[in-house]
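The values are calculated or read from the model by the stated rules, or taken from the named source; none is laboratory data. These figures come from a predicted structure and were not determined experimentally. Cβ coordinates were reconstructed from backbone atoms using ideal geometry, including for glycine residues, and neighbour counts include every protein chain displayed.
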Amino acid sequence: MTDVWELVHRERRALIDDLAGLTPDQWDVPSLCGGWTVHDVAAHLVDNARTTRLGIVVAMVRARFDFDRQNDAGVAREKGPTPADTLDRLRAVAGRRTTPPAPLDSRLVEEVVHGEDVRRPLGIRRAYPAETIVRALAYQARTPMAVGGGKQRIAGLRIAADDADVVIGDGLDVSGPALSLLMVVSGRGEALGDLTGPGLDRLERALTS
C-alpha cells in the first residue's frame, strides 16, 4: 500500500496545475460546495493543509464548535487578495504532512472530493490513481456523517464500482465509477447521474434527508 502522503501530495500538485490555467472568471465559478466558489475551495485546501492536531482544537473553540463557522473562518484567513496569491499559498503547503486528529485516509478524501468540487463545474477531468479513489471511498463508507463521512447514506445498499475491485455493504445495488460513488457517498448529488441500480432512488433520498 502506497504511503498516504505520497498520494495526497500527488493530488495537491495535480490540482495546482489545473488551477494555474484558470481565467479570472473561472475562479469565481460556484463549486459543488454550497456557497463556495472555486477560489473559496482553494483557500479551504490551504487551511486544511495547515491544520494540526492542536490547531483544529483551538479553531473549533473559537468557532464555538460549529464546523461550518470554523471552515468559513479558515477560508477567510487563507484566501488571498487575488487568485494568484491563493495559488501561491497552495503551492507553499503542497508538501505538508500535518493533519487533524483523524485517520490519514481522510486526507485523501479532502483532496479528491474538493478537487472534484472545482473540476466538475469547470469541465476539467482527472485520471486519478485507482488506489487513491478506492481508499477514499472505503474511508467514507465506514465513517459516520457526523464527522464528514457517508456511512448512513449507504445503509441498506450494496455499492459496487464498475471500474475497480470495490464492493461495499449489503442490500439494494448501486453501481458506477468509483469516483462517482465517492462523490455521492460524500454528499455530492451532482454525481448521481453516473450511477445505476435499484438502490438509486433510496440513495437519492438519503442525500436530501
Query raised in the report: Looking at region 31-44, is at least one residue over 23 Å from Glu190 (Cα atoms), without any contact (Cβ under 8 Å) to a residue 40 or more places away in the chain and of a type in the set (Val, Ile, Thr)?
Result: no
**Report entry** Members of region 73-82 that are surrounded by fewer than 18 Cβ atoms within 10 Å (Cβ to Cβ), part of a helix (DSSP H, G or I) and either modelled with pLDDT of 90 or more or of a type in the set (D, E, K, R) (or both)
**Finding:** Ala76, Arg77
Report task. Quick one: Trp36 ticks every box in (1) loosely packed, with under 14 Cβ neighbours inside 10 Å; (2) among the hydrophobic types (A, V, I, L, M, F, W, C); (3) touching a His at 6+ places or on another chain (Cβ under 9 Å) except a single one, so which number is it? Result -> (1)
Query raised in the report: Which one is surrounded by the fewest Cβ atoms within 10 Å (Cβ to Cβ) among residues in region 151-186 that are part of a strand (DSSP E or B) and of a type in the set (A, V, I, L, M)?
Result: Val167
Report task. Looking only at region 140-150, decide whether some residue is in a loop (DSSP other than H, G, I, E, B), on the phi > 0 side of the Ramachandran plot and at pLDDT below 95. Result -> yes
Report task. With the condition kept exactly as written, say whether any residue in region 97-111 is within 17 Å of the chain's Cα centre (by Cα), modelled with pLDDT under 95 and within 30 Å of Pro24 (Cα to Cα). Result -> no
Report task. Determine which member of the set Gly150, Gly169 is farther than 17 Å from Val112 by Cβ and free of Cβ contacts under 8 Å to residues at least 60 places away in the same chain. Result -> Gly169
Query raised in the report: Residue check: is Leu182 within 24 Å of Pro30 (Cα to Cα) and touching a residue at least 60 places away in the same chain (Cβ under 8 Å)?
Result: yes
Query - Condition check for Asp28: within 24 Å of Gly189 (Cα to Cα), free of Cβ contacts under 8 Å to residues at least 12 places away in the same chain, in contact with a helix residue (DSSP H, G or I) (Cβ under 7 Å, 6 or more places away or on another chain) and not assigned by TED's automatic domain parsing to the domain that holds Ala191 - result: yes
Query raised in the report: Of the residues Ala146, Ala136, Ala130, which is among the small types (Gly, Ala, Ser), closer than 25 Å to Glu6 by Cβ, within 18 Å of the chain's Cα centre (by Cα) and surrounded by fewer than 20 Cβ atoms within 10 Å (Cβ to Cβ)?
Result: Ala130
Query raised in the report: Somewhere in region 52-72, is a residue of a type in the set (D, E, K, R), part of a helix (DSSP H, G or I) and surrounded by 19 or more Cβ atoms within 10 Å (Cβ to Cβ)?
Result: no
Query raised in the report: Of all residues in region 15-25 being free of Cβ contacts under 8 Å to residues at least 40 places away in the same chain and either in a helix (DSSP H, G or I) or not assigned by TED's automatic domain parsing to the domain that holds Pro101 (or both), which is nearest to Leu108 (Cα to Cα)?
Result: Asp17
Requested in this report: Look at Leu45 and say whether it is crowded, with 16+ Cβ neighbours inside 10 Å and closer than 28 Å to Leu104 by Cβ.
Outcome: yes
Query raised in the report: Looking at this structure, is Arg12 modelled with pLDDT of 95 or more, among the basic types (Lys, Arg) and closer than 24 Å to Pro101 by Cβ?
Result: yes
